[in-house]
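Taken together, the values in this text are just the output of simple stated rules run on the coordinates, not laboratory data. Only a predicted model underlies this, so the values are computations on that prediction, with no experimental measurement involved. Every residue, glycine as well, gets a Cβ built from its backbone with ideal geometry; the counts of neighbours run over all protein chains shown.
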Amino acid sequence: MTTQSRFRHQVWLECAACKHRVPFVRTIKACERCGHDWLDARYDYETVRKLWPDVLRERPFDMWRYRELLPLRDDAHKVTMGEGGTPLLRATNLGMMLGCPNIYIKDERQGPTGSFKDRQASLAISVMKEQGITEAVLASTGNVAISYSAYSALAGIKLWAFLTSLVPSEKMREVALYGTEVIKVTGTYDQTKKVAADFAARKGLFADQGIRSISSRESMKTVAFEVAEQLPQLIGPGKTPWATPDWYFQAVSGGMGPVGFWKAYEEMMLLGLVDRMPKLACIQATGCAPMVNSFKRGLEEAEPVLNPQTRVITIATGNPGPAYNYLARVIREHGGAFEAVTDEETFRAMHVMAKLDGISMEPAAAAAFAGLFKLLSQGVVRRDEVIVVNCSGHTFPVEKHLLGEEWLQTIELPTEKFATEAPTEGLLGSLGQLDGRVRTIAIIEDDPKARLLLRRILQTRGDYQIFEASDGAMGLEMVRRERPDIILMDLMMPGMDGFELLEALKADERARDIPVIVISAKELTPAERERLSGQIETLMQKGDFTDEELLEEILKRAS
C-alpha cells in the first residue's frame, strides 16, 4: 500500500459544537456525544502539506486531484465522469463595460450534466457506493436530481427523486431519462423535502441530507481549489503558490456552494497555499430571500419564506437551514454581502452575459451576475477588485418524444397553499428595443475594443445602421457625410481630440443639432466640464454605466 493510499483512510468527523471527533467510516446524522447536527470533515493536514502541491503536478486537472481532502476512503469506489477542472474565463466585454478588468467566470456549465452539482453527485454517490447503499431518496429543484440520476445510473444505485411541481418539465424529463423514479409534489421545495424524508423513513431507504451531508459540502471545496490554482495564471503570481479572489459570487438557496468555498480557503490557509480569505457574496431572488432578509434584520436564525414568489426555481428554498448561521457569521467577521435581485434583474443579466461575452446560462447563475451589477452600483464592490462568479449551470432540455406516458408520479398536497401561481423557469421576454426614432448611430472612438463593445451593445438591441471612426478628423468627415441620428464619442483621441471635434460639430450647420453622448474614461477637471457645457447631451463614464443606461440616454436624446 502506498503512502497516498494509507492517507486516504485518515478522515474524521468533528462536531462543530463540542469538537468531539470520530473516524469517518459511515454516515451519521448528529454528534454521538452532544447531538449537534453539523459535523465537519477533518484530515491529516500535515501530511497533505508535505504532498501538495508537488504531487498535484502529476495529476489531471479535475476535482479528484484534491482527493486527500475529500472524504472517500478508497479510490476503488470512485464514481467519476470527468467532473471538475472547469475553465476560469475572463469576462472581457462585461469587464470593459463595467470598468472592472478582473471579473472571472467559473464556467460550471462544462460539467457532465451541465451544472456544478456534478461535483456533489460524484462525491456523494461515491461515498454511497463505499458504504454499500443501493437505493436512495432525494428532494431537488432540478439540477441536483439530474446530476445524482446520472451518477447513480453509473454506480448502479436506484434513485427516487422528489421534485416540486414548479420544476420545468424539461428538467423532470432529463431526470427520468436516467431511470430515476420521478415524484412530482405539488408544493414548495421545503414541503417536497419533508415528503421525501417521510417516504425514505417509511421505506427504510437512505435519504440525502443536503447541506448537512459531509460529502456534499466537501465536494464544493473543489471549486475553490481550482480557482486558487487558476487565478495566478490570469492575474500573475503572488506571494503564495495559489491565489485568493477579493470576492466570490454565487446565487444560493441552501448555501452549500459558499460554505464549501469558504472551508476550502480555510484549509488552504492552514496549508500555507494562500495568505488571505475571500469575501463571499450570497445572492438570492427577491421573492425567496430568507438569508438576505434575515441578515439585514440582524437575525441569528433565518426566518423562513413560507410562500416563495420567484420564477428562478432552482434557488427557491424558503428555509435555508443551518447554512445561514454559518454564512452570516463568516460575512459579519470577514466582510462580504447578502443581496437580493428581482426576477427581472436576473433575466436581464442572462441577456447581458449572452450578448456581451457569449455565455448562455441558467437563471440561477444569472442571479449571481445580477447581484454583482447591484453591489458594484452600490459601491460595495470596488471596480479594481478581483471577482470570481460561479456560472453554476446551463439547462439542456430532453425532447418530449423520448419518454412514454408513465414516467412521472404526482403527489397532491390539497390542504396547504404553496404559491399563488405556478411559474416556470424561463425568460420574461426581451429587454425591449429602441423605437424607430433612432436609425443611424455614429461611434467615434480610437480604442477598437471599446468600439466593438458599443457596436455589440447596440446590435443586440435593434437593427441600427452604425458608422465608426477611429479619430476626431475621420469622425467629423463621417458625420458630415452620413448625418447620423446620434453620436457616441470619446474625448481622448489622437490628432483632433473630442473637445476640438465638438467645437467643429457645433460650428457646422449640418451637424450642430445632432445629439452627442460623450463616453469617456477621463476624469474631467471643472474647467473641462465647463468646456463641455451646452455642447453635449450627457456625459457617461466608461466603466460606470450599463448597456441599459446607455440605451435609455440614446432614446431620451432622440425624443
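Please list, short to long, the whole-number percent of alpha-carbon pairs of the chain in consecutive 10 angstrom bins beginning at zero.
Taking all Cα pairs of the chain, the binned fractions are 3, 17, 25, 23, 15, 9, 6, 2, 0 percent.
Would you mind getting me the FRET efficiency between Arg276 and Cys34? Use the beta-carbon distance for r and R0 = 25 Å, nearest 0.05.
Here the calculated transfer efficiency is 0.15.
Give the calculated FRET efficiency between Asp246 and Glu412 to the nearest 0.05, with a Förster radius of 45 Å applied to their Cβ-Cβ distance.
Result of the calculation: an efficiency of 0.40.
As I understand it, the value is the acute angle between the Cα axis of helix 214-235 and the longest principal axis of the Cα atoms of the chain; what does it come to in degrees, rounded to 10?
Approximately 30 degrees, to the nearest 10.
Roughly what angle does helix 547-557 make with the longest principal axis of the chain, taking Cα atoms, 0 to 90 degrees, to the nearest 10?
30
How far apart, in nm, are two points set 7 Å out from the Cα along the Cα-to-Cβ line at Gln459 and at Glu482?
1.4
Using helices alone, what [θ] at 222 nm do you get for the chain, with -39,500 (n - 2.57) per DSSP H run of 4 or more residues, divided over all residues and rounded to the nearest 500?
Helices in the chain give a 222 nm mean residue ellipticity of -11500 deg cm²/dmol.
Which order results if Cys31, Cys18 are arranged by neighbouring Cβ count within 10 Å, fewest first?
Arranged by neighbour count, lowest to highest, Cys31, Cys18 become Cys18, Cys31.
Report ³J(HN,Hα) in whole Hz for each residue of region 374-382, in order, from the Karplus equation J = 6.51 cos²θ - 1.76 cosθ + 1.60 where θ = phi - 60°; Gly and Pro get x.
For region 374-382, the Karplus-derived couplings read 5, 5, 5, 5, 7, x, 5, 9, 7 Hz, x marking Gly and Pro.
Pull up the cross-link candidates among the lysines for Lys449, meaning alpha carbon to alpha carbon under 17 Å and not fewer than 8 places away within one chain.
Once the sequence-local lysines are set aside, what remains near Lys449 is Lys355, Lys522, Lys542.
Net charge within 12 Å of Phe295 by Cβ-Cβ distance, Lys/Arg positive one each and Asp/Glu negative one each, not counting Phe295 itself?
0
Just want the answer: with Cβ charges of +1 for Lys and Arg and -1 for Asp and Glu, which residue in Gly95, Ala16, Val312 is farthest toward the dipole's positive end in the chain?
Ala16
Give me the distance in nm between label points sitting 7 Å out from Cα along the Cα-to-Cβ direction at Thr92 and Arg383, one decimal.
The modelled label-to-label distance comes out at 2.1 nm.
Taking amide hydrogens as modeled 1.01 Å from N in the peptide plane, which residues meet the under 5 Å criterion relative to Met540, leaving out close sequence neighbours?
Amide H to amide H, under 5 Å and 5 or more residues apart or across chains, Met540 pairs with Val518, Ile519, Ser520.
What percent antiparallel are the DSSP beta bridges of the chain, to the nearest 5?
Of those bridges, close to 20 percent are antiparallel.
Compute the distance in nm between two label points, each set 7 Å from the Cα along the Cα-to-Cβ direction, one at Ser169 and one at Thr525.
Going by the 7 Å Cα→Cβ label model, 6.8 nm.
By how many degrees, between 0 and 90 and to the nearest 10, does the Cα long axis of helix 343-357 differ from the longest principal axis of the chain?
70
Let me know the charge dipole size of region 201-348 about its Cα centre in debye, to the nearest 20, where only the beta-carbon of Lys, Arg (+1) and Asp, Glu (-1) is charged.
For region 201-348, the charge dipole is close to 280 debye.
Calculate the FRET efficiency for Glu503 and Ser360 from the Cβ-Cβ distance with a Förster distance of 51 Å, rounded to the nearest 0.05.
Efficiency for this residue pair is about 0.70.
Exceeding 29 Å between C-alpha atoms, which entries from my cross-link table qualify? They are Lys129/Lys221; Lys129/Lys279; Lys193/Lys296; Lys19/Lys184.
Violating the 29 Å Cα-Cα cut-off are Lys129/Lys279; Lys19/Lys184.
Go through region 28-34 residue by residue and turn each phi into a ³J(HN,Hα) via Karplus (6.51, -1.76, 1.60, θ = phi - 60°); whole Hz please, and just put x for glycine and proline.
10, 8, 7, 5, 6, 8, 10
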